[in-house]
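One structure is given here, and the rest of the page talks about it.
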């Protein structure tokens, strides 16, 4: 017991001892233990207490292998962080940093400076001066911007853009919390610029455009262009804001994905404020980003809510390193972009190697390489798919759901999906360095 105290601490060990002896007393009172069984249980109490402590004090948040083919899997933490970003987080977090300290003047600085300068370079091609601030997620960015720019006034938005994203986050609800009043215009499928113009009155404080990032409206549709909205806003001297949700710095058309708007395009068209995420298409840490004209961004930053919603040094470190990768055009160093850009030939080669190896080492497995489709996920590019390759596996006398459960219970949990009563491991979201772990898991399950 002294060894357990040294390893786990006195308080936790006492709690574990109380829990295990209470369980033993319950069994004695119920008459379920004979004398020999009781002696054995008492003799093994230190082992039982040790097992209790290991379970209670184990880390719950664990790395997993994503073999679902969903690149931005919300339940699995969305975008994996680039190696350089992780290293920068460690460097900055291990000791003190100049988070809010100006090394040149020796005076207090602003934490936004570390990323604002990089965003300014990335948006230089828009032909306008752009400032950027960071909060903890895009929902917070929308709330803060609406509160700072439209509290007590009306915000005009199309009925076809009153979206709900994961976690029951609804645009009308967040607008109500911001203190702004919703003014709906148009219809679900068709909204014209004239609808916005007719709704403008002395109470109008903002025009809002919301990107339908997690669903599509197709067929008989109409939507004003960004240029039309910006021109109308300028005419009436009202700011126009766009909630892009995912936020795209890299042109996804190069990866075969179309229809996802780029942040720079919105700013170039004259949109005053753009909000977007850091952990989706941008491929960085979870964050809400607000970019736009310096005066409006300064006004949003001065809102008291900003301090409540801001992020810490670790987020800035990860975001800064990610943005540097963009400026260097080192796109393959950002895992999200690398997964989007990997070729079908590469996926076919890896899948073939895994299948061949498993057929040699585990002939009991039924293994096949199949063509499949990966998706972006995370509320990005609805309907867009990427051709991929998966290893399809069956185990005799084991259902597909049971195989999924065993993969989740592996030392490094593996998350896959079921199709046609087979478990599919989509390699687009599995790093090549993880292939060996996937094979060991399947071999271990086959030989169980």
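The values are calculated or read from the model by the stated rules, or taken from the named source; none is laboratory data. All values reported here derive from a predicted model rather than from experimental measurement. Positions of Cβ are generated from backbone atoms using ideal geometry, with glycine treated the same way; all protein chains shown enter the neighbour counts.
Residues in segment 383-435 that are free of Cβ contacts under 8 Å to residues at least 40 places away in the same chain, closer than 17 Å to residue 347 by Cα and more than 23 Å from the chain's Cα centre (by Cα): 1 in all. Look at residue 322 and say whether it is outside any strand (DSSP E or B), buried (at least 23 other Cβ atoms within 10 Å of the Cβ), touching a residue at least 40 places away in the same chain (Cβ under 8 Å) and in contact with a helix residue (DSSP H, G or I) (Cβ under 9 Å, 6 or more places away or on another chain). Taking the combined requirement at face value, the residue satisfies it.
One line per residue, one yes/no per condition, for (1) touching a strand residue (DSSP E or B) at 6+ places or on another chain (Cβ under 7 Å); (2) farther than 26 Å from residue 250 by Cβ; (3) modelled with pLDDT of 95 or more:
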residue: 283; (1), (2), (3): no, no, no
residue: 297; (1), (2), (3): yes, no, yes
residue: 302; (1), (2), (3): no, yes, yes
residue: 322; (1), (2), (3): no, no, yes
residue: 325; (1), (2), (3): no, no, yes
residue: 341; (1), (2), (3): no, no, no
residue: 354; (1), (2), (3): yes, yes, yes
residue: 362; (1), (2), (3): no, yes, no
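Counting only residues that are touching a helix residue (DSSP H, G or I) at 6+ places or on another chain (Cβ under 8 Å) and without any contact (Cβ under 8 Å) to a residue 24 or more places away in the chain, segment 148-206 holds 1 of them.
Return yes when residue 347 is crowded, with 23+ Cβ neighbours inside 10 Å, more than 15 Å from residue 285 (Cβ to Cβ) and either outside the structural domain of residue 91 (by TED's automatic domain parsing) or more than 17 Å from the chain's Cα centre (by Cα) (or both) and no when it is not. Taking the combined requirement at face value, the residue satisfies it.
Look at (1) part of a strand (DSSP E or B); (2) modelled with pLDDT of 95 or more and you find that residue 238 fails only one, number (1). On the given criteria, is residue 50 over 24 Å from residue 331 (Cβ atoms), in contact with a helix residue (DSSP H, G or I) (Cβ under 8 Å, 6 or more places away or on another chain) and part of a loop (DSSP other than H, G, I, E, B)? It is false that residue 50 is over 24 Å from residue 331 (Cβ atoms), in contact with a helix residue (DSSP H, G or I) (Cβ under 8 Å, 6 or more places away or on another chain) and part of a loop (DSSP other than H, G, I, E, B).
Scanning segment 40-64 for residues that are more than 21 Å from residue 284 (Cβ to Cβ) and in contact (Cβ under 8 Å) with a residue 24 or more places away in the chain returns 45, 46, 48, 49, 50, 52, 53, 56, 57, 62.
Apart from one condition, residue 13 fits all of (1) modelled with pLDDT of 95 or more; (2) in a loop (DSSP other than H, G, I, E, B); (3) surrounded by 13 or more Cβ atoms within 10 Å (Cβ to Cβ); the exception is (2).
Looking at segment 185-199 only, could you name the residues that are within 26 Å of residue 164 (Cβ to Cβ) and either surrounded by 14 or more Cβ atoms within 10 Å (Cβ to Cβ) or modelled with pLDDT of 95 or more (or both)?
Taking segment 185-199 as the starting set, the residues that turn out to be within 26 Å of residue 164 (Cβ to Cβ) are 185-193, 195-196, 199.
185, 186, 187, 189, 190, 191, 192, 193, 195, 196, 199, listed by residue number.
Filtering segment 129-184 to residues that are surrounded by fewer than 20 Cβ atoms within 10 Å (Cβ to Cβ), at pLDDT below 95 and closer than 14 Å to residue 291 by Cα leaves only 137.
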